[in-house]
1. Ordering Phe74, Phe58 from largest to smallest accessible area (1.4 angstrom probe), what's the sequence?
2. Arg14 to Gln61: extension gain in nm, 0.36 nm per residue of separation minus the Cα-Cα distance?
Amino acid sequence: MHLSQNIDCSEIERAFTNHPAVRECSVFGLPDERLGEVVGAAIWLTDTGVSKAALREFVGQDLAKFKVCCIRLFAANSDAISCNRRGLFGKHA
């Protein structure tokens, strides 16, 4: 929830995974003193040359502005990401 607006994590994940440089994405809520909660997005990039600004601009084509402005991005390559036995992001790792 962000400023009394419900944000669907799966909607944000779909928007990021449509980018050709994103292999996988995991979206979750992060507490925020001022806003209540903001969106956290851990992104596994296939091209580490893609900037966070470029990713925001890309998802901004499909998402409402209030959803994009509250996203905190955590981008990494495959070596920095913890996965579970099924090869998916370990959200609780």
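1. Greatest to least solvent exposure: Phe74, Phe58.
2. Once the chain is fully extended between Arg14 and Gln61, it gains 15.7 nm.
The values are calculated or read from the model by the stated rules, or taken from the named source; none is laboratory data. The structure displayed is predicted, hence computed values, not measured ones. Note: accessible area is taken over every heavy atom of the protein model, side chains too, but ligands, DNA and RNA are not part of it. Shrake-Rupley method; radii C 1.70, N 1.55, O 1.52, S 1.80 Å.
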